[in-house]
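Reading through the structure tokens given below for one structure.
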Amino acid sequence: MKQPLGQADHYDGILDEYERHYYDESSLAYRERYIYPTLFAGIDLSNRRVIELACGSGFNTQALLRRFPAAEPLGLDISPRSCEAYRRNTGRPAQVFDLTDPSPVDLPEPADCSFVVGGLHHCVRDLPSTFANLRRLIRLGGHLLLVEPNADFVLNALRMAWYRRDRWFQAQDEAPLDHDLLLSEASGFEAEFVSFLGGPAYFLIANSLVMRMPLAFKRPLAPALFAVDDLYNRLPGRRPYPMFIARWRRVTSPGESAV
């Protein structure tokens, strides 16, 4: 299994601190308020096979199962420790899998839907192989649901500089994504919708680890920051926003049979 530039070791190493900041009460409240309602809108995943890509410890799959208890999830992640935590937290199977591997072994059965929360931007080193694997992992007519950092964000240059200097990132393997450019490179997919969002709460609550926000401050600050984001998210366009949420449909790519 290919593990480019130690990504598996990197995420195994930061898993405990990552969980403390990204899945505490306030961070989960942020996801329930701003991410999951849009991510799972307009789609019924009951009795559907669903793959969570870059699944981490399974908290997003738990949110899936609260909405669709009859869904049949599988977690995929490059980090063995994350897969162990996923199985422990969800009671569902997880498999070590590198989305950028051009010749993967033990390829899972195609799913009705795959979703990823902040994982595809870790695959920029080899997006062609990533999309080839996504075409294998999602059946024709199925969906890909994405939550990713927005490269059109007005402060993206500052964010990229941070990526290069902060130990929590691997700048050679991750970068924010331009939704429209990404879609143009994703043969076999068409967009059904894209939404841009994220204000102060995105940074200080949802991304407290990289912003060095102490956990003790998050709970008392969250209500006020959520109120600010409720207003901020009404701004037009995509430039004000550090994040996008999208739903794509799997369609035939050139030379691919629809059968």
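The values are calculated or read from the model by the stated rules, or taken from the named source; none is laboratory data. Quick caveat, the model's predicted, so the values are computed rather than measured. Please note: Cβ atoms are built from the backbone with ideal geometry, for glycine as well, and neighbour counts cover all protein chains shown. Ligands, DNA and RNA are excluded from the accessible area calculation, which covers all protein heavy atoms including side chains. Shrake-Rupley method; radii C 1.70, N 1.55, O 1.52, S 1.80 Å.
The residue pairs whose first member lies in the range 73-87 and is within 7 Å of CYS55 (Cα to Cα), whose second member is of a type in the set (S, T, N, Q) and open to solvent by 10 Å² or more (accessible area, probe 1.4 Å), and whose beta carbons are closer than 7 Å, counting only pairs six or more residues apart or on different chains, are LEU76/GLN95.
Checking each residue in the range 9-40 for being out of contact with any Ser or Thr (no Cβ under 9 Å at 6 or more places or on another chain), farther than 18 Å from MET211 by Cβ and at pLDDT 95 or above picks out GLU32, ARG33, TYR36, PRO37, LEU39, PHE40. Among (1) basic (Lys, Arg); (2) surrounded by fewer than 16 Cβ atoms within 10 Å (Cβ to Cβ); (3) not in a loop (DSSP other than H, G, I, E, B), there is one condition ARG247 misses while meeting the rest; what is its number? Of the numbered conditions (1) basic (Lys, Arg); (2) surrounded by fewer than 16 Cβ atoms within 10 Å (Cβ to Cβ); (3) not in a loop (DSSP other than H, G, I, E, B), the odd one out for ARG247 is (2). Regarding GLU190, is this residue out of contact with any Ser or Thr (no Cβ under 9 Å at 6 or more places or on another chain), open to solvent by 20 Å² or more (accessible area, probe 1.4 Å) and either within 26 Å of HIS122 (Cα to Cα) or free of Cβ contacts under 8 Å to residues at least 60 places away in the same chain (or both)? Considered against the rule, which asks whether it is out of contact with any Ser or Thr (no Cβ under 9 Å at 6 or more places or on another chain), open to solvent by 20 Å² or more (accessible area, probe 1.4 Å) and either within 26 Å of HIS122 (Cα to Cα) or free of Cβ contacts under 8 Å to residues at least 60 places away in the same chain (or both), GLU190 comes out as yes. Exactly one residue out of MET243, MET211 is modelled with pLDDT under 95 and among the aliphatic types (A, V, I, L, M): that is MET211. One residue stands out among those in the range 83-123 that are open to solvent by 50 Å² or more (accessible area, probe 1.4 Å) and touching a strand residue (DSSP E or B) at 6+ places or on another chain (Cβ under 8 Å): the one that is modelled with the lowest pLDDT, which is ASP106. Quick check on the range 193-202: of everything there that is aromatic (Phe, Trp, Tyr) and surrounded by 16 or more Cβ atoms within 10 Å (Cβ to Cβ), which residue is modelled with the highest pLDDT? The selected residue is PHE196.
The single condition from (1) at pLDDT below 95; (2) open to solvent by 10 Å² or more (accessible area, probe 1.4 Å); (3) within 17 Å of the chain's Cα centre (by Cα) that GLN172 fails is (3).
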